[in-house]
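Please read the structure below before turning to the comments.
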Amino acid sequence: MSNGKQTGNARGTGRGAGGDSAGGVQSVDRAITVMEILAREGSAGVSEVAAEIGVHKSTAFRLLAALEERDLVEQNHERGKYQLGFGVLRLAGAIPTRLDIVRQAQPVVDELAARLDETINIAVVREHYAVHVLQALGSAAIASQNWVGQLTPLHATSSGKVLLAFLDEQERDEILDTAGLEAFTENTITSRKALLEELRQVRADGFATAFEELETGLNAAAVPVRDHTGAVVGALSASGPAYRMDRATIKAQTEDLKAAGARISRRMGYLDRDQSRTETAAG
């Protein structure tokens with residue numbers, strides 16, 4: 001085994017001995033350590049696992065059996081050896097899409113920021129907020145606020161409207177019930193009826209705007225980003241000062257923004273069949 005053995009012993013026994021964790025919590029800690037061992041070594045037998053985490057072979061066997069029952073580990077072709085199972089992939093597949101969207105969107109966001117010369121953001125839903133996970137600045141937006149990690153209200157931003165518009169009705173209602181419709185400026189939509197009507201239009205247009213609704217002097221527009229299932233998992237937005245990014249400018253930028261959103265969606269595995277048919281017919 002590797003030099004990780006000493007670390008494994010410390011993790012497997014130190015907490016229980018110190019009284020910081022006991023019973024079920026200690027078992028969880030040991031089970032995680034077992035998976036870390038298998039990830040590091042590729043495969044290991046019961047005796048090796050037991051020695052690494054400092055427990056009796058029977059305890060190691062029970063841990064491995066419990067993990068095997070959940071498909072988190074499996075016995076490989078070498079008798080007595082265990083390796084990580086396909087259940088790990090199932091769990092990995094549940095990692096928030098924001099991790100994938102940042103990686104796939106980065107080059108498109110950078111290019112769009114240079115093209116439009118404005119602040120470009122990617123946002124996703126987090127509880128009843130939109131959280132910005134990626135940002136790029138155009139040269140005209142050097143002094144712009146850094147929105148990465150910022151939580152913004154869904155009803156008062158273009159990104160938020162996109163994210164709300166494509167949620168199922170029950171989830172959208174639950175979010176609005178929790179968040180309310182706080183007024184941030186005199187332009188903020190505070191009527192549930194008016195907001196729902198605008199969200200219907202966003203779904204129809206595939207495009208949302210916000211004119212000084214979150215901050216006075218700040219305008220923005222956003223489009224959806226879809227994953228391989230077609231679900232909207234994020235919003236791509238362009239924002240800038242109202243004197244520069246007015247209604248006419250936003251209208252002129254719409255196609256660029258939509259094209260960038262479509263590019264990110266394709267990178268996320270989305271196949272727009274209607275678009276594909278149009279391109280085929282045109283060819």
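Points worth noting:
- Taking a ≥ b ≥ c as the square roots of the eigenvalues of the Cα gyration tensor, segment 169-283 is oblate, since a/c reaches 1.5 or more and a/b is not larger than b/c.
- Surface/4 of the Cα convex hull for segment 159-230, nm²: 4.9
- Proximal lysines to Lys81, defined as alpha-carbon separation beneath 19 angstrom and excluding residues fewer than eight positions away on the same chain: Lys5, Lys57
- Between Glu255 and Gln75, the contour length at 0.36 nm per residue exceeds the alpha carbon distance by 59.5 nm.
- Length available on full extension from Asp205 to Gln106: 0.36 nm per residue minus the Cα-Cα distance, which gives 33.2 nm.
- Between Lys193 and Asp246, the FRET efficiency estimated from the beta carbon spacing at R0 = 22 angstrom works out to 0.20.
- Compared with the alpha-carbon gap, the fully stretched path from Val28 to Gln150 is longer by 40.6 nm at 0.36 nm per residue.
Any read-out appearing in this document is the output of simple, stated calculations on the displayed coordinates, not a laboratory observation. From a predicted model like this one, the values you see are computed outputs, not experimental measurements. No Cβ is skipped: glycine too gets one built from the backbone with ideal geometry, and neighbour counts run over all protein chains shown.
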